[in-house]
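Q: Below you'll find the structure I mean.
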Amino acid sequence: MLQRSLLSAGVAALVLFAGCSSYSQKPEAVEPLPAPPSPPVATSEPASAAADALAANAMSQRRFAAESMAKSARTMAVMPQPAYPAPMPSAESRERYEKLDANPVQRVAEHPVSTFSVDVDTGSYANLRRFLRGGQLPPKDAVRAEELINYLDYGYEAPRDRDTPFGLITEIGPTPWNPKTRLLHVGIQGWVPPGERPAANLVFLVDTSGSMQSADKLPLVIASLKLLTAKLRAQDRVSLVTYSGQTQVVLEPTPGDRRDKIAAALERLQAGGGTNGGAGLELAYSMARQGYIDNGVNRVLVATDGDFNLGVTSFDALLQRVQQQRKSGVALTTLGFGTGNYNEQLMERLADAGDGNYAYIDSLSEAQKVLVREAGATLTTIARDVKIQLEFNPALVAEYRLIGYENRQLRREDFSNDQIDAGDIGAGHRVTALYEIALAGEGGERIEALRYGADSSAAPGKSGELAHLRLRYKRPQDGQRAQSRLIERALTRHDVVTSLASTSPAFRLSAAVAGFGQLLRGSEYLQGFDYTAVETLARNARGADANGEVGEFMQLVQLADSLTPRQSARADLPGE
């Protein structure tokens, strides 16, 4: 019996050793793949069917989109898939993120005014989804709370008048993670112009360097741009520029309904060589100027992993070039792809400098969301240089902190200075900002008051106001030298809702997403609020969830909870 046991153990050891040896002798891991794209039927048909019903060339568009997505699905299907989630890159050493410290608590008596630029980017959400689905928590600096919050649709009512290009929503209610503070919710919903969007002059700037070879990079770029191409019209124009070790115009400005020609140009792209992104940007802007459409949409869409290693590689020099180019009226959208060497910091900041927006494409489903379902928001600008300023009343509000927007902070005097650049809002875009505020006398303060501080009495006639909200924006039709317009609103103590259950679903859902982002960043302000509480709060605010985004959000919360290390509950036994 003993010999049989020893023999069995020896055989098991040999099998284990052989398995480990075969694993260790595999070649260096290829660029890790994200979760496979969703099947074509689930991503595009519902959206395209409704839109195509109104289009004169509906049958052509549907057939082109179906063929493109079917071919993309076949390409993905033949790719060897790992048996377990693909190994994620070392974010600290290979992927680059801007280091950001969370906004601190501010004492109203000392700093009564908070000013920041809006942010419509959503790339951080899709990027952290890639990490979580790959079995790894995202690095702290990859998580920007405002981009998580702004990814979801809160059902804000849209304005109907172009003269006021967005609706303004405010709400004050209990903070889910702190019974002694309140959350101030500020929502903006962009106007959606009726009828067809203006003619578009689009330049696809595609990175074809050697780092773009993996399936989650250039093949996904091609499939994604085909989805956008399927929705273009004869009055639209598309150019295709590539860059690697050298730059090339692959497609001169071409009518948008020449889909076969555009698709053929995309399908010829192959990856190889270095990455001269600076030269690529110069050539793309040149093509955009060549095809410029007055009173139309003029935009460069750059698709890359952001790994610039030839030509102009200086971060500041690239930003300066893009800032100069935006004066020509051509905006820049950045679409991030891939893993391993992803430069997220550059992608976000280039879009900011170029009066555009940044998205991360981790699947064909995300491409459909960004480039098809939300194409109006991605391509058409309805308000420029949008800034928000809140002045708190020190007699009623003791402290505040802004959740997210760390790299969007502005000086107080920048608010009224029309020369200071700020974020733009696209058609149908939504922006949400949350402040955690401590009302005076309710015990939520974290900072001791100054002994010799200023008088905290309210101004005459303003004793019931908690804060004064100001918003500035410029209308695109007023040109590059437009004067900003001002919207103001007083927030009073009568606006405070005392029960979380009595707040709107938008308030509760945005609070849940804000809590999720803070948990991933290891925030010190959550006081025991955990992933289970986040999921419960989101579930109770889910509503119709037509696109399934809230359901997906709850799945990500569950993944993050499972991946979070737990303290061992086992106590040391006596004598051990």
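Q: Under the condition of being crowded, with 24+ Cβ neighbours inside 10 Å and at pLDDT 95 or above, which residue from the range 371-386 is farthest from the chain's Cα centre (by Cα)?
A: Val386
Q: For Met347, all conditions in the list (1) in contact with a Lys or Arg (Cβ under 6 Å, 6 or more places away or on another chain); (2) under 30 Å from Val105 (Cα atoms); (3) not assigned by the TED database to the domain that holds Leu491 hold save one; what is the number of the exception?
A: (1)
Q: Determine which single condition Arg160 fails, assuming it passes every other condition in (1) within 28 Å of Ala427 (Cβ to Cβ); (2) surrounded by 23 or more Cβ atoms within 10 Å (Cβ to Cβ); (3) assigned by the TED database to the domain that holds Pro505.
A: (2)
Q: Another one. Hey, among Pro165, Pro159, which residue is touching a residue at least 24 places away in the same chain (Cβ under 8 Å), closer than 22 Å to Gly543 by Cα, in contact with a Pro (Cβ under 9 Å, 6 or more places away or on another chain) and not hydrophobic (A, V, I, L, M, F, W, C)?
A: The match here is Pro159.
Q: Can I ask one more? Touching a helix residue (DSSP H, G or I) at 6+ places or on another chain (Cβ under 6 Å), under 25 Å from Asp355 (Cα atoms) and in the same structural domain as Gly517 (by the TED database), is that true of Asp121?
A: It is true that Asp121 is touching a helix residue (DSSP H, G or I) at 6+ places or on another chain (Cβ under 6 Å), under 25 Å from Asp355 (Cα atoms) and in the same structural domain as Gly517 (by the TED database).
Q: Would you mind stating whether Glu448 is among the acidic types (Asp, Glu) and under 27 Å from Ile149 (Cα atoms)?
A: no
Here's the yes/no breakdown for (1) hydrophobic (A, V, I, L, M, F, W, C); (2) in the same structural domain as Ile388 (by the TED database); (3) within 17 Å of Gly187 (Cβ to Cβ):
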| site | (1), (2), (3) |
| --- | --- |
| Arg489 | no, yes, yes |
| Arg493 | no, yes, no |
| Pro505 | no, yes, yes |
| Leu509 | yes, yes, yes |
| Leu519 | yes, yes, no |
| Glu524 | no, yes, no |
| Gln527 | no, yes, no |
| Thr532 | no, yes, no |
| Arg539 | no, yes, no |
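Q: With (1) farther than 20 Å from Ala126 by Cα; (2) open to solvent by 10 Å² or more (accessible area, probe 1.4 Å); (3) under 19 Å from the mean Cα position of the chain (by Cα) as the list, and Arg401 as the residue in question, which single condition is left unmet?
A: So Arg401 meets the others, but not (3).
Q: For Val241, state whether it is more than 27 Å from Tyr156 (Cα to Cα) and either of a type outside the set (Phe, Trp, Tyr) or open to solvent by 40 Å² or more (accessible area, probe 1.4 Å) (or both).
A: So Val241 passes the test.
Q: Given the conditions (1) farther than 27 Å from Gly428 by Cα; (2) outside the structural domain of Tyr525 (by the TED database); (3) open to solvent by less than 10 Å² (accessible area, probe 1.4 Å), which single one is not true for Val250?
A: All conditions pass for Val250, except number (3).
Q: State all residues of the range 404-423 that are charged (D, E, K, R), part of a helix (DSSP H, G or I), open to solvent by 20 Å² or more (accessible area, probe 1.4 Å) and in contact (Cβ under 8 Å) with a residue 24 or more places away in the chain; if no residue qualifies, say none.
A: Glu406, Arg408, Arg412
Q: Confirm whether Leu152 is part of a loop (DSSP other than H, G, I, E, B), open to solvent by less than 30 Å² (accessible area, probe 1.4 Å) and of a type in the set (A, V, I, L, M).
A: In short, yes.
Q: Another one. Just to check your reading of the model, which residue among Glu488, Glu552 is outside any loop (DSSP other than H, G, I, E, B), open to solvent by less than 70 Å² (accessible area, probe 1.4 Å), farther than 30 Å from Asp294 by Cα and acidic (Asp, Glu)?
A: Glu552
Q: Given the conditions (1) without any contact (Cβ under 8 Å) to a residue 60 or more places away in the chain; (2) within 27 Å of Ala279 (Cα to Cα); (3) among the basic types (Lys, Arg), which single one is not true for Lys217?
A: Of everything listed in (1) without any contact (Cβ under 8 Å) to a residue 60 or more places away in the chain; (2) within 27 Å of Ala279 (Cα to Cα); (3) among the basic types (Lys, Arg), Lys217 misses just condition (1).
Q: Identify all residues within the range 182-207 that are closer than 30 Å to Gln389 by Cα and of a type in the set (Gly, Ala, Ser); write none if there are none.
A: Gly187, Gly190 - these are the residues of the range 182-207 that are closer than 30 Å to Gln389 by Cα and of a type in the set (Gly, Ala, Ser).
Q: Do you know which residues across the range 524-542 are part of a helix (DSSP H, G or I) and aliphatic (A, V, I, L, M)?
A: Ala533, Val534, Leu537, Ala538
The values are calculated or read from the model by the stated rules, or taken from the named source; none is laboratory data. Not measured: the values here are computed from a predicted model. Glycine gets a Cβ as well: all are built from the backbone with ideal geometry, and neighbour counts include every protein chain shown. These accessible areas exclude ligands, DNA and RNA; they are computed on the full protein's heavy atoms, side chains included. Shrake-Rupley method; radii C 1.70, N 1.55, O 1.52, S 1.80 Å.
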